Amino acid sequence: MSASCYTFAPATPLDNSELAPALAAIRTNCHISDARHATDYTLCVYLLKMREYFRWEHDIPYQTTLPREQLSAWLTRREDHWDKLEARPFENIPVQGTLHDPFDSTAINKGLNELGYVYSSGYGRNMKPVFFLGELEQRTHHAGYTLLVSGKEYARDLTAPPAMSLDNIIYVRRESLRRMCWEKIEEWRWNQPENAMQKAMLCYDFDNAPEQSLEAMTDKELQFVVLHEIGEVQAGQRLGEAWEVMLASMQQSKAELMLRAVRDNLADALSTLPGLLNDAEAASVHFYMANMNNMRKALFPEFVSAYEGWTVSGDTRELEQLVDRAAAHWQSLAETCLELHQEHRDNSEAALISVIETSIL
């Protein structure tokens, strides 16, 4: 395959439409965010993310081996491009003749949703700005929140989280979820450990039908991604804006990682875990455990123990009893953290770490 095949991302329907200026501005903002935060990752994680970013940008099938020379040349060009953008401010987004602040997702979506597209912006880990633009597959309203599900994506940054919630709006990115599932599968295949990811994969037929299995996994996990984001909305309603203020003051610190873990555990105790246990799908319980990061496990060892017991017995009663206690525990701890931050403000990091470390469940 010639190098020219991978020089630029393929044209999209938006490149020659009235939304071309919006697409260009969103892509630029994605590059600016990546330029500022690419060094947040370890080298190994960074290279893995860049490989999959290259695959997405050039629409290369998952089963196809990436062209090494073209990937290397693309990586050099992309990093050079980022060097030129790092100091630039984010661009406003033009939609139907009006310029919008790039973080005003609600206003931007008023113009985009009716045209069949969805946009979101927000902050991820280390307060990294996250942007994306994709096709709108589903828009539904529920009590207390609106769900927007996207399909094919036309603009994204290196992070590409499969879901996020903001102002009682839940954004779920099917393409990013599918890609995340594939990355987890590829990561497992490197060493093939006997762990939760292996158990999740054994619930499908990845050896003989990888594409169909990946699609089935994506469809199944989509509902639980939605449940987590519903939990995030509920947690946000309980904790208020003060939580976001506290989190923003702890950027790139151990306290930030711990606070995010507390909030995620609360969200899952409120919504995701009750849904998982009610559904009792083994594949999803295993996949949930496989995606539980080390900080969350360290703060929630009883869940790890209950999961391991379930894998042996198949009995969910211990997990169910734990979830009943977990929501109250994590909410109480989160409220204590808010009180400590209010009391100590700029000097609260050590106190927050201490109280979380002594409040594991």
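Side notes on the structure shown:
- If only residues of the stretch 110-120 that are free of Cβ contacts under 8 Å to residues at least 40 places away in the same chain and not charged (D, E, K, R) are counted, the one that is nearest to GLU135 (Cα to Cα) is GLY116.
- Every condition in (1) in contact with a helix residue (DSSP H, G or I) (Cβ under 9 Å, 6 or more places away or on another chain); (2) in a helix (DSSP H, G or I) holds for TYR62 except the one numbered (2).
- Subset of the stretch 179-196 [of a type in the set (A, V, I, L, M) and either in the same structural domain as THR64 (by TED's automatic domain parsing) or in contact (Cβ under 8 Å) with a residue 60 or more places away in the chain (or both)]: ALA196
- Within the stretch 51-66, tally of residues that are more than 20 Å from SER120 (Cα to Cα) and within 16 Å of the chain's Cα centre (by Cα): 1
- Strands (runs of 3 or more DSSP E) completely within the stretch 79-150 that count 1 or more residues being among the β-branched types (Val, Ile, Thr) and in contact with a Gly (Cβ under 7 Å, 6 or more places away or on another chain): 93-95, 117-123, 129-142
- Residue satisfying condition, being surrounded by 22 or more Cβ atoms within 10 Å (Cβ to Cβ), in contact with a Gly (Cβ under 9 Å, 6 or more places away or on another chain), of a type outside the set (Asp, Glu) and in contact (Cβ under 8 Å) with a residue 24 or more places away in the chain, within set ALA282, ALA269: ALA269
- Within the stretch 83-110, being small (Gly, Ala, Ser) and modelled with pLDDT of 90 or more holds for ALA87, SER105, ALA107.
- Per the listing LYS220, LYS199, the residue uniquely touching a His at 6+ places or on another chain (Cβ under 8 Å), more than 22 Å from ALA328 (Cα to Cα), in contact (Cβ under 8 Å) with a residue 12 or more places away in the chain and among the basic types (Lys, Arg) is LYS199.
- When residues of the stretch 81-97 are limited to those that are surrounded by 12 or more Cβ atoms within 10 Å (Cβ to Cβ) and among the aliphatic types (A, V, I, L, M), the one nearest to ASP34 (Cα to Cα): LEU85
- Selected residue (only one of THR146, THR76 is of a type in the set (Val, Ile, Thr), surrounded by fewer than 20 Cβ atoms within 10 Å (Cβ to Cβ) and touching a Ser or Thr at 6+ places or on another chain (Cβ under 8 Å)): THR146
- Screening HIS100 on (1) within 22 Å of the chain's Cα centre (by Cα); (2) buried (at least 17 other Cβ atoms within 10 Å of the Cβ) shows it passes everything except condition (1).
- Picking from residues in the stretch 26-73 that are closer than 26 Å to SER213 by Cα and acidic (Asp, Glu), the one that is surrounded by the fewest Cβ atoms within 10 Å (Cβ to Cβ) is ASP59.
- For the stretch 123-137, a residue qualifies if it is at pLDDT below 90 and at negative phi, and the qualifying residues are TYR123, GLY124, ARG125, LYS128.
The values are calculated or read from the model by the stated rules, or taken from the named source; none is laboratory data. Remember, predicted model here, so these are calculated numbers, not experimental data. Note that we place each Cβ from the backbone using ideal geometry, even for glycine, and neighbour counts take in every protein chain shown.
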